[in-house]
1. Just subtract the alpha-carbon distance of residue 64 and residue 51 from 0.36 nm times their residue separation and send over the number in nm, one decimal.
2. Past the 29 Å Cα-Cα mark, which pairs from 5/140; 68/146; 2/140; 117/138; 117/146; 5/138?
3. To one decimal place, what orientation-averaged projected area in nm² is obtained for the convex hull of the Cα set of region 4-53?
4. At 7 Å along Cα-to-Cβ for each site, give me the label-to-label distance between residue 147 and residue 6 in nm.
5. How large is the translational diffusion coefficient of region 93-174 in µm² per second when you combine the Kirkwood radius over alpha carbon pairs with Stokes-Einstein at 10 °C and 1.306 mPa s?
6. Using alpha carbon centroids, what distance separates region 1-66 and region 126-157, in Å?
Amino acid sequence: MKIIKLGLLSVLVFGLLFWGITLLFPSNTVISRALNIAADSGQLMRSVSANEISVQTLLSGNEKLVVKTADIPFYDDDLFNQQAGQQPIHADTLFFQIQQSAAVIANGGIAFYQLQKDSTTTQMFYVFQTPWYKPLLKMKMMMADKAYGPGLDSALKRCAIAWAQTKTDSTFHHP
């Protein structure tokens, strides 16, 4: 009987210790990828925000997802899709929110940094927020880079291809 009590007490103490340590894990996880695209950052940002390069296509490919954009970080739902071609751009980052069946499945952004004259470093990132009291979910999200990284890589490649296509179309139509 003492061994059973000691075993149960050990399991309880180990579980509480494990849960207490996981409280130190961050509740926000950022997964990010970057790619250099041969473009001016202002022109690339305008093309994406004016929907010449579709953010919907970049992020979801052929999946049926709702993608909302804004040039401000993640605030109330009514602030998304306010800036699409109607307001001037105030930031170097275009934030997005992906929804499926009215539930938000991802928040993130596309940032444009002009570090060199002939190319723009384009960074795409997801921000996942997990509740502080769910240690296994926080640990899972810390390992989520393998799950979401390839999607970000392909989205950046689609952006580069779309920019090259947009650039070709504009030079073709405007000699």
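1. Details: separation 13, 0.36 × 13 = 4.68 nm, distance 1.76 nm.
Computed gain between residue 64 and residue 51 is 2.9 nm.
2. Values: 5/140 32 Å; 68/146 25 Å; 2/140 36 Å; 117/138 40 Å; 117/146 32 Å; 5/138 31 Å.
Beyond 29 Å: 5/140; 2/140; 117/138; 117/146; 5/138.
3. Working: hull surface 26.4 nm².
Across all orientations, region 4-53 yields a mean hull projection of 6.6 nm².
4. Result for the modelled spin labels: 4.0 nm.
5. Numbers: Rh = 15.3 Å.
The Stokes-Einstein estimate is 104 µm²/s.
6. So the two Cα centres are separated by 3 Å.
Read-outs: derived from the displayed coordinates by stated rules, not from any lab. No experiment lies behind these values; they were computed from the predicted model shown. Please note: Cβ atoms are built from the backbone with ideal geometry, for glycine as well, and neighbour counts cover all protein chains shown.
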